[in-house]
Amino acid sequence: MKNSNYLKALRQEKVSYTPIWIMRQAGRYLPEYRKIREQAGSFMNLCTNPELAAQVTLQPLERFDLDAAIIFSDILTIPDAMGLGLNFKEGEGPVFKHKIKNIEDIKNLIKFNPSEQLAYVVDAIKITKKTLGNSKPLIGFSGSPWTLACYMIQGEGSKNKDFSAPKKMLYQAPEVLHQLLAILTQAVTDYLLAQIQAGVDSVMIFDTWGGLLTPHAYQHFSLFYMTQIIKNIKFKYPEIPITLFTKGGGLFLENLSNSGADCLGLDWTMDLKTAREINLNRTALQGNLDPCVLSSSEDQIHQEVSRILSQAGSHPGHIFNLGHGITPDIDPGKVKFLVDLVHSMSAHYHE
């Protein structure tokens, strides 16, 4: 497994080609996923069934020559386990039965124990690892404390993506927000440690809404807590690579490069060459094709892949990925074209 190109790239070791996996690679763009999703009856039923979650985790690897699997789950499993009552409404996204409005709501949160409330994720990892063996690495993940807090305070996915409720709390009651973030930092740490113990080969922290913050607020309400998680994990498992992804976080790249993460995920708004110049090889870099490119022609995909690979150059610390999750409208044939193209076009950079 240590010879996996994906794990080598995370360690910035020499690879034979640029490895690729795709955020949300097990999802609605695959007809076989939609079939299992229908069989499960709901998204949450699918997430909480370890056998079905393992099955859909493996589906994209059966179609495409991807270099890693990522366990099928959702970032909002932690708030659900804390008693907020998660539900997914068709066409509307996540909605919580309860939300965090004040310090009393925080005190009423259920004490989080991943081996109890999220045993279904741990079991799905074990089943998936047993099937994978040493053929491909498995990635575990969690949402960042700030991103989880956004949903918990808003009570749902923000319809205009501004998450005004958590941002108002940040300025009006920062001490309340810090208390929630501290609790979530411990929860995310425990959750990722449980995933590592179950067998994942690397972990990723999705800071989906970090880019909503000012640089000062990002440092104190997002990055500070993610850095604590990284320290906690590295203390117990120094060999496990950690990827940090802040969507819209290009402005914060210098600070992110000093976070202790092994790899930084980039969205499509950050030029990869510029990112390398700022990062100075302190970490590997992951990204950063705009997901919408996959809805265009093969010629356009070829052009964008060529551009990104040339920006990455011959340095081994690059994992090809999208700048965010793949969308449901994408033709699986375009994904196969992308994966095969990245492998074939990148080989000469690593001779």
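The values are calculated or read from the model by the stated rules, or taken from the named source; none is laboratory data. None of these values were measured; they are calculated from a predicted model. Positions of Cβ are generated from backbone atoms using ideal geometry, with glycine treated the same way; all protein chains shown enter the neighbour counts.
Are any of the residues in the range 255-269 under 18 Å from the mean Cα position of the chain (by Cα), surrounded by fewer than 20 Cβ atoms within 10 Å (Cβ to Cβ), at positive phi and at pLDDT 95 or above? Scanning the range 255-269, I find at least one residue that is under 18 Å from the mean Cα position of the chain (by Cα), surrounded by fewer than 20 Cβ atoms within 10 Å (Cβ to Cβ), at positive phi and at pLDDT 95 or above, so the answer is yes.
Residues of the range 66-80 being hydroxyl-bearing (Ser, Thr, Tyr) and part of a loop (DSSP other than H, G, I, E, B), which ones? Steps first, please.
Applying the first criterion (hydroxyl-bearing (Ser, Thr, Tyr)) to the range 66-80 yields 73, 77.
Once the filter is applied, which keeps residues that are hydroxyl-bearing (Ser, Thr, Tyr) and part of a loop (DSSP other than H, G, I, E, B), the range 66-80 yields only Ser73.
Pairs are defined by a Cβ separation below 8 Å, a sequence spacing of at least 6 or placement on different chains, a first member in the range 139-160 that is buried (at least 24 other Cβ atoms within 10 Å of the Cβ), and a second member that is among the acidic types (Asp, Glu); the pairs so defined are Gly143/Asp207; Ser144/Asp207; Trp146/Asp207; Thr147/Asp207. Of everything listed in (1) buried (at least 21 other Cβ atoms within 10 Å of the Cβ); (2) closer than 27 Å to Ala261 by Cα; (3) not charged (D, E, K, R), the single unmet condition for Leu132 is (1).
I'm trying to understand the selection: among the residues of the range 225-254, which are closer than 20 Å to Leu192 by Cβ, among the hydrophobic types (A, V, I, L, M, F, W, C) and surrounded by 17 or more Cβ atoms within 10 Å (Cβ to Cβ)? Spell out the reasoning first.
Kept after step one, since they are closer than 20 Å to Leu192 by Cβ, are these residues of the range 225-254: 225-247, 249.
From what's left, among the hydrophobic types (A, V, I, L, M, F, W, C): 226, 229-230, 233, 235, 240, 242, 244-245.
Residues satisfying the conditions are Met226, Ile229, Ile230, Ile233, Ile240, Ile242, Leu244, Phe245.
Being more than 17 Å from the chain's Cα centre (by Cα), of a type in the set (Ser, Thr, Tyr), within 24 Å of Asn113 (Cα to Cα) and at pLDDT 95 or above narrows it down to one of Tyr225, Tyr237, so name that one.
Values: Tyr225 fails: more than 17 Å from the chain's Cα centre (by Cα).
None of the other options fit; the residue is Tyr237.
For the range 143-174, enumerate the residues that are touching a strand residue (DSSP E or B) at 6+ places or on another chain (Cβ under 7 Å) and either part of a loop (DSSP other than H, G, I, E, B) or at pLDDT below 95 (or both). Correct list: Ser144, Gly155, Glu156, Gly157. Residue count for the range 81-123 under the criterion of being assigned to a helix (DSSP H, G or I), out of contact with any helix residue (DSSP H, G or I) (no Cβ under 7 Å at 6 or more places or on another chain) and surrounded by fewer than 21 Cβ atoms within 10 Å (Cβ to Cβ): the result is 6.
Has the range 187-195 got at least one residue that is in a helix (DSSP H, G or I), closer than 19 Å to Ile100 by Cβ and of a type in the set (A, V, I, L, M)? For the range 187-195, residues in a helix (DSSP H, G or I), closer than 19 Å to Ile100 by Cβ and of a type in the set (A, V, I, L, M): present.
Every residue, every condition in (1) without any contact (Cβ under 8 Å) to a residue 24 or more places away in the chain; (2) closer than 21 Å to Gly211 by Cβ; (3) out of contact with any Asp or Glu (no Cβ under 6 Å at 6 or more places or on another chain); (4) in a helix (DSSP H, G or I), yes or no:
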residue	(1), (2), (3), (4)
Leu264	yes, yes, yes, no
Arg276	no, yes, yes, yes
Arg282	no, yes, yes, no
Leu294	no, no, yes, yes
Ser310	yes, no, yes, yes
Asp329	no, no, yes, no
Leu338	no, no, yes, yes
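Going by the structure shown, is Ser222 buried (at least 22 other Cβ atoms within 10 Å of the Cβ), closer than 15 Å to Thr283 by Cβ and not basic (Lys, Arg)? It is false that Ser222 is buried (at least 22 other Cβ atoms within 10 Å of the Cβ), closer than 15 Å to Thr283 by Cβ and not basic (Lys, Arg).
Across the range 270-304, the qualifying residues are those that are among the aliphatic types (A, V, I, L, M) and over 21 Å from Lys14 (Cβ atoms), and the one among them that is modelled with the lowest pLDDT is Met270. Filtering the range 232-244 to residues that are in contact (Cβ under 8 Å) with a residue 12 or more places away in the chain and out of contact with any helix residue (DSSP H, G or I) (no Cβ under 9 Å at 6 or more places or on another chain) leaves only Lys234. Residues that are touching a strand residue (DSSP E or B) at 6+ places or on another chain (Cβ under 7 Å), surrounded by 15 or more Cβ atoms within 10 Å (Cβ to Cβ) and at positive phi do occur in the range 280-302.
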